[in-house]
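Worksheet: one structure, shown below.
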Amino acid sequence: MKLTLKTLAMTAILLGPAPISAQTNSSYDRQFISWPVYSGDDLELTVNDRGTSFRLWSPKAQEAIVNLYDNGHTGKPYSTLPMKFDPATGTWSASLPEKLYGKFYTFRVKNDGNWLPETPGVWAKAVGVNGKRAAIIDFAGTDPEGWENDRGPGMKNFTDAVIYEMHHRDMSMDPSSGIANKGKFLALTEEGTVSPLGEKTGIDHLKELGVTHIHILPSYDYNSVDEANLHENQYNWGYDPQNYNTPEGSYSTNPSDPATRVREMKEMIKALHNAGIGVVMDVVYNHTAENDGSNFELTAPGYYHRHWDDGRYADASGCGNETASDLQQMRDFIINSTRYWAQEYHVDGFRFDLMAIHDIETMNMVAAALKEVNPSIFIYGEGWTAGDSPLQPERRALKENVSKMENIAVFSDDIRDAIKGHYTDASDRGFATGKPGLEETVKIGIVAATDHPQVDFSKGNNSRFPYAKSPGMIVNYVSCHDDLTLTDKLRRAIFYQRPLKSQKGTVGRCTFEKGKSRCPLSHPRFEEFRMLSFINNIRITTPYDFGASRPLNEEERAAAIRMFMRKSKPTFDFEDIAKALAGRKRSYAYEEDAGEAPYRFNYRMSTSVSGCPTTAALADIFGEDWVSGICSLYTRAEGKTKERIVDDVWHVLFSFDDDDKLRQWAAERLQMSE
């Protein structure tokens, strides 16, 4: 989701299937019930043969105007139109007889005697650079050739979907991708791209994986990246919504041209459809990037967000606010916005961020509306919140309430945490790494949280009752953008966890037999092996570092297979690892009570007087200057940054079994950082 820590949602009380009537959840929000609502298809902008018309929903505004601009980013308005109020609909309107294609506009409302800052409105479908002004474009001119016949892959059952999560920049930014339009929508339109080793990249790589759909992290216009200064190498996942109904400009080849981002996103989707791959859009209707400065607050102050009784913003998102899906105008906005993306951009599915902030009734209406557009479309989301909410738990779209939702699925944190260990503790082991007591929780995931005679839900860690009616209500996963990937979690839990002294002959809770581990280990795909090296982490000023996910080269992959996966047999070979490390004369601190496990050791670096994580081996391999650079960065770092530096230095050391190759690799990476 975002860079804030999630908390598990509280268990909800299951109610019957009857719809829950709209209601407010705090004394402050009760004032909004009586506001008139309007969900006509002419909200904010319409261009037709009669000209250009504007309609803004702002029931309590005292005045409203439209500013017209020639430019999408700078300059003063060339005209200002007063707007007329209709109390029956709560809307303000203005119109001109001309088709204003190529122009830009903003709204401004007067509230409680004060003129609020300009806003592009909440329904801007095209915007100028950085999304501060809405644009007037001819959408028919943005359709790629053959768009009218474009269709995504048909899906009979949601359980047939194989979904691959990706970020636009991550997929293509590294120099080894062989992709010309790095970090752009168009990156996934390029066929025949390969790495220097001849491996397929981009869309060809997705095809060879055999996935049915890709889930792309937020693609709408978000707040944190300055589209006018992309050379500054900014990066964000995109969970900071600004304009919900137009594509993000930094992913286009020309953010200043409003039509370019629209056309190029459509071209990307069409290319994926041609490859037999559907597109799932990550949507974040649960909160806005800003509070008072959001477009919601600048058009209808107070209405779109939830509040506590004293008027403070509620914050179930952990990002400063939460939206009020249970109020009709916000509910209509979510329904109509998702329907717009499905119709205009041919999106095949939606992944709802922190879906439990939304109410069940809204989510059911969203699903019904989307099924009318495309019977194969599907919806899934995070069935939890990141904090408490005024919305009653029984009304939230929680995973525990998924049986009250139709054609909607939730992520299974049951199987996620059971397999690899709890997400809040990097060193916590899971079923795959030998931690006992998780068997029933794994089985809960296997049966998709449905009632089963061989599963004892009372022994589940995250869930204590069968909350799903069918497997189609559950998405099983072990890795996503949040928290550690499966590979990194295994690395932290096994390779960097101090062995338990109380268990002789063991590493953690994994028993040895002739140097082989009996821990049941999953086989992560090669896609999980993203090298998060120390050098990579400090190389933050290079133009491709942020958002670059480099595939392993041939040497790294071979080492990863040998050291981590043991492809020929599903076991770890601790003896081989220990011998290899000992053969390189590294300075490891052996456990004094290793007992019958002579190769048991911990992975803590011996430290110098200054507290810098150095060993003689580091100097031998990398040279004194390189080690000095590590020390300099380490001594300036604090808290978890220090831990990350230690962990990643170790990761580099464990990834190669030949010092010459390691030195060569380190020198190349260091040179790229300069």
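Starting from the eigenvalues of the Cα gyration tensor, five times each then square-rooted, give me the equivalent ellipsoid semi-axes of the stretch 332-406, largest first, whole Å.
Values: eigenvalues 102, 27, 22 Å².
So the three semi-axes of the stretch 332-406 are 23, 12, 11 Å.
Quick one: net charge around R50, please, counting Lys, Arg +1 and Asp, Glu -1 for every other residue with C-beta under 14 Å from its C-beta. Can you show the working numbers first?
Details: positive: R55, K99; negative: D42, D49, E98.
So the environment of R50 carries a net charge of -1.
Note on W35 and A228: with the Förster distance fixed at 45 Å, the Cβ-Cβ geometry gives a FRET efficiency of about 0.80. Could you tally the net charge around K459, taking each other residue with its Cβ under 11 Å from the Cβ of K459, Lys/Arg +1 and Asp/Glu -1? Net local charge, K459 excluded: -1. Extents of the stretch 302-343, largest first, come to 40, 20, 12 Å (Cα atoms, principal axes, whole angstrom). Taking only the alpha-carbon positions of the stretch 239-394 and ignoring solvent, what does the Debye formula give for the base-10 log of I(q)/I(0) at q = 0.12, 0.16, 0.17 Å⁻¹? With one equal scatterer per Cα and no solvent, log10 I(q)/I(0) is -0.54, -0.93, -1.03.
How far, in nm, would the chain grow between V194 and E63 when pulled straight, counting 0.36 nm per residue and subtracting the alpha carbon separation?
On the way: separation 131, 0.36 × 131 = 47.16 nm, distance 5.74 nm.
The V194-E63 span can extend by a further 41.4 nm.
Throw me the Rg/Rh for the stretch 371-477, computed over C-alpha atoms with Kirkwood Rh, two decimals. A ratio of 1.00. Here, P(r) means the percent of Cα pairs in each 5 Å bin from 0 to the largest distance; for the stretch 55-149 it is 3, 13, 21, 22, 17, 12, 6, 4, 2, 0, 0.
Under the simplified labelling scheme, the R464-H481 pair shows an inter-label distance of 3.4 nm, with each label point 7 Å from Cα along Cα→Cβ. Rg and Dmax, both from the Cα atoms of the stretch 238-328 and both in Å, are 16.5, 53.
Taking R0 as 25 Å, what's the FRET efficiency between D49 and R151 from their Cβ-Cβ distance, rounded to 0.05?
Numbers: r = 30 Å, r/R0 = 1.21.
For D49 and R151, the calculated efficiency is 0.25.
As I understand it, the dipole of the stretch 233-345 uses +1 on the Cβ of Lys and Arg and -1 on the Cβ of Asp and Glu, about the Cα centre. Which of C319, W308, Q234 lies farthest toward its positive end? Projecting each Cα onto the dipole axis, the largest value belongs to Q234.
Towards the positive end of the charge dipole of the stretch 51-187, with charges on Cβ (+1 Lys, Arg; -1 Asp, Glu), say which of M166, V129, M155 has the farthest Cα. Highest projection toward the positive end goes to V129. Within the stretch 104-163, the GluC sites (Glu not before Pro) that combine a DSSP coil assignment with at most 10 other C-beta atoms in a 10 angstrom radius are E145.
Considering all different alpha carbon pairs of the stretch 225-282, the Kirkwood hydrodynamic radius works out to 12.7 Å.
Charges only on Cβ, +1 for Lys and Arg, -1 for Asp and Glu: so what's the dipole of the stretch 163-292 about the Cα centre, in debye to the nearest 20? Intermediate values should be presented prior to the final figure.
Values: 9 positive and 20 negative charges, 98 e Å.
Taking the Cα centre of the stretch 163-292 as origin, the dipole is about 480 debye.
Both the radius of gyration and Dmax for the stretch 125-275 are 15.6, 46 Å, in that order, over alpha-carbon atoms.
One decimal place: the segment T450-K110 gains 117.1 nm when fully extended, by the rule 0.36 nm per residue minus the C-alpha distance. With N as its number of residues, the stretch 85-212 has a Cα radius of gyration that, divided by 2.2 N^0.38 Å, comes to 1.58.
Going through the cross-link list K469/K489; K371/K399; K125/K200; K184/K489; K125/K182, which pairs have a Cα-Cα distance over 28 Å in this structure?
On the way: K469/K489 31 Å; K371/K399 21 Å; K125/K200 35 Å; K184/K489 30 Å; K125/K182 25 Å.
Too far apart for the 28 Å limit: K469/K489; K125/K200; K184/K489.
Note on the stretch 190-301: percent of Cα-Cα distances in each 5 Å bin, starting at 0 and stopping at the bin with the largest distance, equals 2, 11, 17, 18, 19, 16, 9, 4, 3, 1, 0, 0.
Laboratory data are not the source of any read-out in this text; all were calculated from the coordinates shown. Note that this is a predicted model, so its numbers are computed, not measured. Backbone-built Cβ (ideal geometry, glycine too); neighbour counts: all protein chains shown.
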